[in-house]
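First the structure, in the form of structure tokens, and then the observations on it.
The values are calculated or read from the model by the stated rules, or taken from the named source; none is laboratory data. Here the structure is a predicted model, which means the values were calculated and not measured. Cβ coordinates were reconstructed from backbone atoms using ideal geometry, including for glycine residues, and neighbour counts include every protein chain displayed.
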Amino acid sequence: MPEIIECVPNFSEGRDLNVINAITTAIEAEDGAKLLDVDPGADTNRTVVTFIGTRAGILNGAFAGIAKAAELIDMRKHSGAHARLGATDVCPLVPISGISEEECIQLSHALAKKVAEELHIPVYLYEKSAQTESRRNLADIRAGEYEGLAEKIQHPDWRPDYGKAEFNAKSGATVIGVREFLIAYNVNLNTTDRRIASDIALTIREKGRLKRDRNGTIIRDENGNALRQPGLLKEVKAVGWYIDEYKMAQVSINLTNYKITPPHVVFETIRKLAGEKGLRVTGSELVGLIPLEAMLMAGRYYLEAQGKCQGVPEEALIRTAVQSLGLNDVSEFDPQKKIIEYQFDEFEKSLVAMSLRAFADELSTDSPAPGGGSVAALSGSLAAGLTAMVANLTHGKKGFERHNRKMNEAAVQVQELKDELLRLVDLDTAAFNKVMDCFRLPKKTDEEKAQREAAIQAATKNAADVPLQVMQIALKILELTEMVAKYGNVNSISDAGVAALAADTAIKGAGLNVLINLAAIEDREYVERRKEQVAQIKSDCQRAVRRIINRVEKTVAAM
């Protein structure tokens, strides 16, 4: 998956559009950052900005926004309904794809350090970036707000994580950290009764409801504290309301960690509770964006419930999720606009987006890229596609029921490997182009020559590592191909054979691309290590292909 991070900085200005526009323009000007949404609030005097980007795009985009806010916003003159600590009140980072949570936490530290050192704004780290438990909760850090910061920052317990413990009167302080993606999701009921929606909301939300006796009186403990009945679902906040525009009641939900409680679990829980009350869920509504993973989870859940194989292409999983969750019930759900990963094109001219003819035509020109490396990756993806096809043609078929679980697991895995290889089709060409770019660097001085040579060596290593990844993934595909050839539908065994041969081509072709790049690399230890890896993968591949083709030929001959 491409490297994508979401950033949602909150700036303490919601009324002056000139200031807001200046901040968002500064963010948009950074390469690798794409602005998605700007939501100003006059009463709160606060603007929430949402943008996505690569690691570098987020670091530079967030810093640019914070710097512009520090320049244009004076907290000594600020007032608003929302709690705030500084000109940039809070700047959360959310890992979406292609980057681990730990890597994102490291990025939050890098941003905090840069803000503190270059802008002289004290920074506190919160949520998953917090270095102490007392700073995990944003509300605790914000307590006392900007007006109490001058005194608070002097307390030993509230020294900033980055920057000096000195009050910045103009900019205040900023809170930075990594948190989970928040999904705003509404479930529609075939009623106009808000009370029923509210009752369901109290039942499902993690906080639950107050305990009451038969007379409706709140039950309290010996200290007078109200007791609560926990709700059914973790990481869920919910309320019930009536939407006049839709002429229906909704259960409105914030999912604070969709990996613990995903949308389809909420949907099915509400559907069951509504049924017990004689109601029906008509569909649901997504407010804002949703991570691709959440949609794929829903698609796989509903395919499994239908007894179908889950190892289908991404587009089919999304279509199943949209239909099953009724996401088109009250407004159109366009995956290209609603799925956050689809908002960020990793390549402006993606090879995999071309038609077969266009790709073949591009390949046939005098341009050296795309070349053999991209073709090797494509060949591997075709091997994966055929392997998934055999698994799908086996799953659920009479006489093969005992292999359903094997086929489902294989199909799911090989679809993911297919998508990885399709991404490498473009990455191989991008790696080659990067090497060429490095050769064009200036070389007039000794320093420039040294920098140019170092850049060429680093880029060439990357150009060798990309086809090595193709080899490693294609070998995993061969393992799955061998399994489906052994247990799969015999009527499709020839397709497993073609898959093995395509994977063999991917591995041998990618191997040639690794070796030709190694010839230009001066790091001998690196070169020898990569040569050993190539030789081992090719040896493992040869044995696996021989076993698969022998099985296929014997089976076909006996038919």
For residues in segment 13-53 being modelled with pLDDT of 95 or more and of a type in the set (S, T, N, Q), which is farthest from the chain's Cα centre (by Cα)?
18
Inspect segment 375-391 for any residue being of a type in the set (S, T, N, Q) and more than 30 Å from residue 433 (Cα to Cα) and give the result as yes or no.
yes
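Let me confirm something: among 37, 31, 89, 43, which residue is of a type in the set (D, E, K, R), in a strand (DSSP E or B) and surrounded by fewer than 16 Cβ atoms within 10 Å (Cβ to Cβ)?
Details: 31 fails: in a strand (DSSP E or B); 89 fails: surrounded by fewer than 16 Cβ atoms within 10 Å (Cβ to Cβ); 43 fails: in a strand (DSSP E or B).
None of the other options fit; the residue is 37.
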Could you grab me the full set of residues in segment 11-22 that are touching a Lys or Arg at 6+ places or on another chain (Cβ under 6 Å) and closer than 26 Å to residue 56 by Cβ?
22
Picking from 142, 159, the residue that is in the same structural domain as residue 79 (by TED's automatic domain parsing), touching a residue at least 40 places away in the same chain (Cβ under 8 Å) and basic (Lys, Arg) would be 142
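Right, residue 394: surrounded by fewer than 17 Cβ atoms within 10 Å (Cβ to Cβ) and either over 28 Å from residue 373 (Cβ atoms) or over 29 Å from the mean Cα position of the chain (by Cα) (or both) or not? Before you say what the answer is, go through the steps one by one.
Working: surrounded by fewer than 17 Cβ atoms within 10 Å (Cβ to Cβ): no; either over 28 Å from residue 373 (Cβ atoms) or over 29 Å from the mean Cα position of the chain (by Cα) (or both): yes.
No; evaluated as a whole, the condition is false for this residue.
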Looking at segment 148-162 only, could you name the residues that are touching a Lys or Arg at 6+ places or on another chain (Cβ under 9 Å), assigned to a loop (DSSP other than H, G, I, E, B) and within 16 Å of residue 90 (Cα to Cα)?
161
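Name the one entry in 460, 429, 445 that is among the β-branched types (Val, Ile, Thr) and surrounded by fewer than 19 Cβ atoms within 10 Å (Cβ to Cβ).
Details: 460 fails: surrounded by fewer than 19 Cβ atoms within 10 Å (Cβ to Cβ); 429 fails: surrounded by fewer than 19 Cβ atoms within 10 Å (Cβ to Cβ).
Step by step, each of 460, 429, 445 is checked, and only 445 is among the β-branched types (Val, Ile, Thr) and surrounded by fewer than 19 Cβ atoms within 10 Å (Cβ to Cβ).
So if I check each of 271, 319, which one is within 24 Å of residue 234 (Cα to Cα) and either modelled with pLDDT under 95 or surrounded by fewer than 22 Cβ atoms within 10 Å (Cβ to Cβ) (or both)? Break it down into steps so the answer makes sense when it comes.
Details: 319 fails: within 24 Å of residue 234 (Cα to Cα).
Being within 24 Å of residue 234 (Cα to Cα) and either modelled with pLDDT under 95 or surrounded by fewer than 22 Cβ atoms within 10 Å (Cβ to Cβ) (or both) holds for just one of 271, 319, which is 271.
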If I filter segment 76-84 for residues that are at pLDDT 95 or above and either under 20 Å from residue 177 (Cα atoms) or hydroxyl-bearing (Ser, Thr, Tyr) (or both), do I get at least one hit?
no
List pairs: first residue in segment 74-99 and farther than 10 Å from residue 45 by Cα and touching a residue at least 24 places away in the same chain (Cβ under 8 Å), second residue part of a strand (DSSP E or B) and aromatic (Phe, Trp, Tyr) anywhere in the structure, Cβ distance under 7 angstrom, at least six positions apart or on different chains.
87/11; 88/11
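Working carefully through the options 448, 416, 401, 453, find the one that is in contact with a Pro (Cβ under 7 Å, 6 or more places away or on another chain) and free of Cβ contacts under 8 Å to residues at least 60 places away in the same chain. Give the derivation first.
Values: 416 fails: in contact with a Pro (Cβ under 7 Å, 6 or more places away or on another chain); 401 fails: in contact with a Pro (Cβ under 7 Å, 6 or more places away or on another chain); 453 fails: in contact with a Pro (Cβ under 7 Å, 6 or more places away or on another chain).
Just a single option satisfies the conditions, and that option is 448.
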State which residue pairs qualify: first residue more than 14 Å from residue 183 (Cα to Cα) and inside segment 283-305, second residue part of a strand (DSSP E or B) and not β-branched (Val, Ile, Thr) in any location, beta carbons under 8 Å apart, and separation of 6 or more residues or different chains.
283/188
Condition first: touching a Gly at 6+ places or on another chain (Cβ under 6 Å) and either over 19 Å from residue 197 (Cβ atoms) or outside any loop (DSSP other than H, G, I, E, B) (or both). Can you find one or more residues in segment 261-273 that meet it?
no
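Hey, could you check segment 244-274 for residues that are of a type in the set (A, V, I, L, M) and free of Cβ contacts under 8 Å to residues at least 40 places away in the same chain and say which is farthest from residue 298 (Cα to Cα)? I'd like the intermediate steps shown before the answer.
The first filter runs over segment 244-274 and keeps only residues of a type in the set (A, V, I, L, M), leaving 248-249, 251, 253, 255, 260, 265-266, 270, 273-274.
Subsequent filtering for residues that are free of Cβ contacts under 8 Å to residues at least 40 places away in the same chain retains 260, 265.
On the way: 260: 13, 265: 8 Å.
Ranking the qualifying residues of segment 244-274, first place goes to 260.
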Suppose the filter is under 28 Å from residue 45 (Cα atoms) and either assigned to a strand (DSSP E or B) or assigned by TED's automatic domain parsing to the domain that holds residue 281 (or both); does residue 196 pass it?
no
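If you go through segment 115-130 one residue at a time, do you hit one that is among the polar types (S, T, N, Q) and touching a Leu at 6+ places or on another chain (Cβ under 6 Å)?
First pass over segment 115-130, keeping only residues among the polar types (S, T, N, Q): 129.
Narrowing the set further to residues that are touching a Leu at 6+ places or on another chain (Cβ under 6 Å) leaves none.
No, segment 115-130 has no match at all.
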Close pairs (8 angstrom Cβ cut-off, 6 or more residues apart or separate chains): in the same structural domain as residue 260 (by TED's automatic domain parsing) in segment 200-221, modelled with pLDDT under 85 anywhere
210/226; 211/226; 218/226; 219/213; 219/226; 220/226
Any residue at all in segment 203-215 that is basic (Lys, Arg), part of a loop (DSSP other than H, G, I, E, B), in contact with a Leu (Cβ under 9 Å, 6 or more places away or on another chain) and surrounded by 18 or more Cβ atoms within 10 Å (Cβ to Cβ)?
yes
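Is one or more of the residues making up segment 254-263 of a type in the set (A, V, I, L, M, F, W, C) and surrounded by fewer than 17 Cβ atoms within 10 Å (Cβ to Cβ)? Steps first, answer last, please.
Taking segment 254-263 and keeping what is of a type in the set (A, V, I, L, M, F, W, C), we get 255, 260.
Right, trim to surrounded by fewer than 17 Cβ atoms within 10 Å (Cβ to Cβ) and you get 260.
Among the residues of segment 254-263, at least one is of a type in the set (A, V, I, L, M, F, W, C) and surrounded by fewer than 17 Cβ atoms within 10 Å (Cβ to Cβ), which makes the answer yes.
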Restricting attention to segment 117-139, which residues are without any contact (Cβ under 8 Å) to a residue 40 or more places away in the chain and of a type outside the set (D, E, K, R)?
131, 132, 134, 137
